[in-house]
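The values are calculated or read from the model by the stated rules, or taken from the named source; none is laboratory data. Computed from a predicted structure; not experimentally measured. For neighbour counting, all protein chains shown are included, and Cβ atoms are generated from backbone atoms with ideal geometry for every residue, glycine included. Each accessible area value is taken on the protein alone, full model and side chains, heavy atoms only, with ligands, DNA and RNA left out. Shrake-Rupley method; radii C 1.70, N 1.55, O 1.52, S 1.80 Å.
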Amino acid sequence: MFKILSLFIILSITGYITIWIKKHPGEIAIEWQGWLIETSVPVIVSITLLLFLTLVITYWLFKKIFSIPKSIQKNYKKKRTIKANKTIIKAISAKNMGEMELAEKLSKEAKYLNNNPLKLLLDTELNKYNNNENIYVADLTKMLKHPETMLLGIKSLSNFYFDKGDFKKATNIIGKAPRSKNTPSWFFMTALKFNILEKNWDNIIENIKYIEKYTKITSAEIKILKSRIYLFKALEFNKEKNIDLKSIDTSLKFDPSFAPAIVFKAKLLYKKDDKLAFNYIKKSWKKFSHPDIANFITEIYNDKPKIELLNITKNLTKLNNNSFINNITLAKVAISIGSWTVARQALKIIPEKEWTKNIYLMMSDLEKKEHGNISKSNYWITKAENANLDYSWGCTSCTYMSKSWHLICPECNNVDTIRWQQFSSSQGPINKNSSLEIIKSKGIIGELNTGIDR
């Protein structure tokens, strides 16, 4: 509507001017070098317009003539690009069919597009297949320069150096990932893992901030992650004979229930004052009973009279209502010192539907040692064969089982996937109601393998 209105106004003004000039044509006289030109205004206007149109047409013609070579060159490049793209598509199809020789042949035919993102994707796959490491790394490095392939280049190159054991290069490469909410969580978690392996403490804290800002991790999960990181730091400092109480206290501030952190702090306290350590253990057991804590008590009372260990364990297991852990802990200690009656009573309090392999084996041990009943002992061993394994430290990603907690799984190298959980006899985590909480993989654990598949 506005365009129509504008056109109408312009035509009206033009018509008005034309009519006015027609009614008042006037005369113009031009004298130059003895020449005298006399004419009217309409004629001068017409000549001026004609000259202007002539100049415009002449400029357009010259521009077209001079652009012919560029146009020819542009069309030539366009045809070569189209042909090369079709060849690359054929090469990718051949590779996916497993016809690697044909794929390589077609890739060479498309050399016109060398360093093109699509060509780089193809060449990296072919060079990886042929174990051409140097060319493979060079192509991945080129991929970092293209926005379309940058993330894949970063992931592949960092994994390459990680597999080679060059954690420093892997850390540098993963650090090139853009810090944005469009960047998959894998990159932030992998950067964290590499910096943990390199023990770059400042970078680790920075990585956690990025994870908190750019991923979908919840506030509860970030607290758990921070707790594990600070515990790991304290453990590493302890290996170097440096006591880092600040880190262990920070770890317990984020998660006061984590047994490895409780035990580690108790060990540090025990070096100073055994009563202080034991009081801390009792305080922790009231809220967060765990077999690792009981094992620590057994360890520090190893050289003392066995009856003293049993009495300490009895007093400890009265501090909370976790029937499963209390009774299995008491039974283990009782069997170790030959107190068969106490052990049997403790195990029978646990409902048999919750019995695990070790409980059946303890019952078998009791029958053999207390009564010498081999038949009954074998009965419990048979029951143990089909029973679920006990709760233990295990990876929620690859089901690796461990005697202790690790920040990074020794098997699959994932961060914070070692959890206290119950496994079936096939070593896969099971999910059933029990007196102990079964930790499920979630949050950052589930997200670690997101993004571009490795």
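So between residue 403 and residue 388, what do we pick up on full extension, going 0.36 nm a residue minus the alpha carbon distance?
Full extension of this stretch gives 3.7 nm more.
Using the basic label-point model (7 angstrom from Cα toward the beta carbon), what is the residue 135 to residue 299 distance in nanometres?
The answer from the label model is 5.4 nm.
Using a Förster distance of 60 Å, how high is the FRET efficiency between residue 45 and residue 145, based on the Cβ-Cβ distance and rounded to 0.05?
With a Förster radius of 60 Å, E is 0.55.
Can you tell which of 291, 386, 88 lies farthest toward the positive end of the dipole of the chain, using +1 and -1 charges on the Cβ of basic and acidic side chains (Lys, Arg; Asp, Glu)?
88
How much accessible surface does residue 208 have with a 1.4 Å probe, in Å² rounded to 10?
Accessible area, nearest 10 Å²: 10 Å².
Round to the nearest 10 and report in Å² the accessible area of residue 336, as given by a 1.4 Å probe over the protein chains' heavy atoms.
70
In sequence order, what are the phi-derived ³J(HN,Hα) couplings for region 228-244 according to the Karplus relation 6.51 cos²θ - 1.76 cosθ + 1.60 with θ = phi - 60°, rounded to whole Hz, with x for glycine and proline?
3J(HN,Hα) across region 228-244, in whole Hz: 5, 5, 5, 5, 4, 4, 4, 5, 5, 5, 5, 4, 8, 6, 10, 7, 10.
Per residue, what accessible area does region 238-320 have, given a 1.4 Å probe and all protein chains present, in Å²?
58
Does anyone have the angle between helix 291-300 and the longest principal axis of the chain? Alpha-carbon axes, 0 to 90°, nearest 10?
So the inclination is approximately 50 degrees.
What's the magnitude of the charge dipole for the chain around its Cα centre, counting Lys and Arg as +1 and Asp and Glu as -1 at the beta-carbon? Answer in Debye, nearest 20.
Dipole about the Cα centre, nearest 20: 280 debye.
Could you tally the net charge around residue 255, taking each other residue with its Cβ under 9 Å from the Cβ of residue 255, Lys/Arg +1 and Asp/Glu -1?
+4
How big is region 73-180 by Rg and Dmax over its Cα atoms, in Å?
15.2, 49
May I ask for the angle, rounded to the nearest 10°, between helix 2-23 and the longest principal axis of the chain, with both axes built from Cα atoms and the value confined to 0 to 90°?
Taking Cα atoms only, the helix is inclined about 10 degrees.
Would you mind checking the tilt of helix 259-272 against the longest principal axis of the Cα atoms of the chain, expressed as 0 to 90 degrees and rounded to 10?
Orientation of helix 259-272: about 60 degrees from the principal axis.
Could you quote the convex hull projected area for the chain, Cα atoms only and averaged over all directions, in nm²?
43.0
Evaluate the relative contact order of region 372-422 (contact order divided by residue number), counting alpha-carbon pairs under 8 angstrom at least 6 apart; express in whole percent.
Relative CO of region 372-422 lands at 33 percent.
If we count every other residue with Cβ under 14 angstrom of residue 167's Cβ, Lys/Arg +1 and Asp/Glu -1, where does the sum land?
The answer is +2.
Within the accessible area of region 62-196, what % is carbon and sulfur when the probe is 1.4 Å and the other protein chains stay in place?
The nonpolar share, carbon plus sulfur, comes to 54 percent.
I'd like the GluC sites (Glu not before Pro) in region 231-322 restricted to DSSP loop residues with at most 13 other Cβ atoms within 10 Å, sorted by number.
The qualifying sites are 240.
Dipole magnitude of region 137-216 about its Cα centre, charges +1 at Lys/Arg Cβ and -1 at Asp/Glu Cβ only, in debye to the nearest 20?
140
Determine the calculated [θ] at 222 nm for the chain from helices alone, applying -39500 (n - 2.57) to every DSSP H run no shorter than 4 residues and normalising by the residue count; nearest 500 deg cm²/dmol.
About -21500 deg cm²/dmol.
Could you grab the relative contact order for region 252-312? Cα pairs under 8 Å, six or more apart, rounded to a whole percent.
Rounded, it is 30 percent for region 252-312.
Taking the Cα centre of the chain as the origin and placing charges on Cβ (Lys, Arg +1; Asp, Glu -1), which of 207, 341, 360 is farthest toward the positive end of the dipole?
My answer, from the dipole projection, is 207.
Roughly how many Å² is the accessible area per residue of region 65-188, as a whole number, for a 1.4 Å probe?
63
Could you pull the accessible area for residue 396 with a 1.4 Å probe, rounded to 10 Å²?
30
Given Cα pairs under 8 Å that are at least 6 residues apart, what percent is the relative contact order of region 87-193?
About 15 percent, as a whole number.
Points 7 angstrom from Cα along the Cβ direction at residue 319 and residue 238: gap in nanometres?
According to this spin-label approximation, the distance is 1.8 nm.
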